[in-house]
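**Student:** Structure in structure tokens, see below.
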Amino acid sequence: MSTTMASSSSVTYYPPSKEIPLFHPSLIPRSVTRELPAGYTMRPIRAADYDRGVLDVLRVLTTVGDIQREEFEAQFNYWFKHNDTYFTLVIVNEFDRVVGVGSAVVERKLIHKCGNVTHIEDIAVARSEQGKKLGLHIIHALTDIGKSQGAYKVILDCSEDNVRFYEKCGFVRVGVEMSLKF
Ligand code: ACO
């Protein structure tokens, strides 16, 4: 919902600040958005997506915990300050609920002539919306965003269960993931 400032000659709309997109929407390629099923929209995440169920979507992926609005907004604001590094996008349905989410994080390296690597992280599609190619579209969009930021490769970690999904997105299995949890 936007606030309307009316004058005699024109109408100017001031969107509430919590509806500001994390990054410029034009980074999401048309080649992806035009393939979305009718009624679905892909766009950069906004602080107001807290109320559209983005955390519930992430709960299909892993433990999210009890995140208060202020904590969510603080994280969003950090991303916003570094929005040449953090690119989180969402898919919303016709009822304006978030049904898919995913992130690309751009790492600026020394190797490969100060090259960039994009990490794809935290991909989730609401259980009731799986199987509609929303996950595939999220990965294609994030990959394109990664490329647009000069990345020489895009990488991700996943479980054995999801290997086939990522192969269908064009990824190939390389190396071994190691982890030390705290
Ligand atoms: N195993 C085998 N094939 C799969 C799988 C799977 N687990 N998931 C999807 N596919 C196939 C689909 O059948 C489809 O194949 P088709 O083109 O032949 O029809 C293709 O991959 C594309 O599938 P989508 O419909 O785009 O998949 P969906 O929208 O359901 O999203 C996702 C897939 C993101 C894995 C979803 O099931 C999900 O949210 N799962 C729970 C959370 C999760 O595991 N996220 C990934 C973690 S890894 C990470 O974040 C980097």
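The values are calculated or read from the model by the stated rules, or taken from the named source; none is laboratory data. Everything numeric here is computed off the predicted structure, so don't read it as measured data. Cβ: placed from backbone, ideal geometry, glycine included. Neighbour counts: every protein chain shown. All accessible areas refer to the heavy atoms of the entire protein, side chains included, with ligands and DNA or RNA removed. Shrake-Rupley method; radii C 1.70, N 1.55, O 1.52, S 1.80 Å.
**Student:** Against the condition within 11 Å of the chain's Cα centre (by Cα) and either surrounded by fewer than 16 Cβ atoms within 10 Å (Cβ to Cβ) or at pLDDT 95 or above (or both), how does G100 come out, does it pass? Steps first, please.
**Tutor:** On the way: within 11 Å of the chain's Cα centre (by Cα): yes; either surrounded by fewer than 16 Cβ atoms within 10 Å (Cβ to Cβ) or at pLDDT 95 or above (or both): yes.
When the stated conditions are applied, G100 passes them.
**Student:** Run down T62, T118 and say which single residue is hydroxyl-bearing (S, T, Y), within 26 Å of Y166 (Cα to Cα), open to solvent by 30 Å² or more (accessible area, probe 1.4 Å) and modelled with pLDDT of 95 or more. Break it down stepwise before answering.
**Tutor:** Values: T118 fails: open to solvent by 30 Å² or more (accessible area, probe 1.4 Å).
Among T62, T118, only T62 is hydroxyl-bearing (S, T, Y), within 26 Å of Y166 (Cα to Cα), open to solvent by 30 Å² or more (accessible area, probe 1.4 Å) and modelled with pLDDT of 95 or more.
**Student:** Moving on. With a cut-off of at least 2 residues that are free of Cβ contacts under 8 Å to residues at least 24 places away in the same chain, name the strands (runs of 3 or more DSSP E) lying wholly within segment 89-182. Full working, then the answer.
**Tutor:** Working: elements: 98-108, 116-125, 151-155.
Qualifying strands (runs of 3 or more DSSP E): 98-108.
**Student:** Could you check segment 121-134 and list, in sequence order, the residues that are open to solvent by 10 Å² or more (accessible area, probe 1.4 Å), within 19 Å of N93 (Cβ to Cβ) and either near the ligand (Cβ under 8 Å from one of its atoms) or touching a helix residue (DSSP H, G or I) at 6+ places or on another chain (Cβ under 7 Å) (or both)?
**Tutor:** I123, V125, A126, R127, E129, Q130, G131, K132, K133
**Student:** Shifting gears a bit: Output the residues belonging to segment 147-161 that are within 15 Å of the ligand (Cβ to nearest atom) and open to solvent by 70 Å² or more (accessible area, probe 1.4 Å).
**Tutor:** First, pick out the residues of segment 147-161 that are within 15 Å of the ligand (Cβ to nearest atom): 153-161.
Residues satisfying the conditions are K153, D157, E160, D161.
**Student:** On the basis of being surrounded by fewer than 20 Cβ atoms within 10 Å (Cβ to Cβ), in a helix (DSSP H, G or I) and at pLDDT 95 or above, does E71 make the cut? Can you show your working first?
**Tutor:** On the way: surrounded by fewer than 20 Cβ atoms within 10 Å (Cβ to Cβ): yes; in a helix (DSSP H, G or I): yes; at pLDDT 95 or above: yes.
Taking the combined requirement at face value, the residue satisfies it.
**Student:** Has segment 69-81 got at least one residue that is within 15 Å of the ligand (Cβ to nearest atom), within 13 Å of the chain's Cα centre (by Cα) and touching a residue at least 12 places away in the same chain (Cβ under 8 Å)?
**Tutor:** Of all residues in segment 69-81, those within 15 Å of the ligand (Cβ to nearest atom) come to none.
Checked against the condition, which is being within 15 Å of the ligand (Cβ to nearest atom), within 13 Å of the chain's Cα centre (by Cα) and touching a residue at least 12 places away in the same chain (Cβ under 8 Å), segment 69-81 yields no hits at all.
**Student:** Taking segment 51-68 only, how many residues are within 16 Å of the ligand (Cβ to nearest atom) and assigned to a loop (DSSP other than H, G, I, E, B)? Talk me through it step by step, then tell me what you get.
**Tutor:** First, pick out the residues of segment 51-68 that are within 16 Å of the ligand (Cβ to nearest atom): 53-64.
Retained after the next criterion (residues that are assigned to a loop (DSSP other than H, G, I, E, B)): 53, 59-64.
The qualifying residues number 7.
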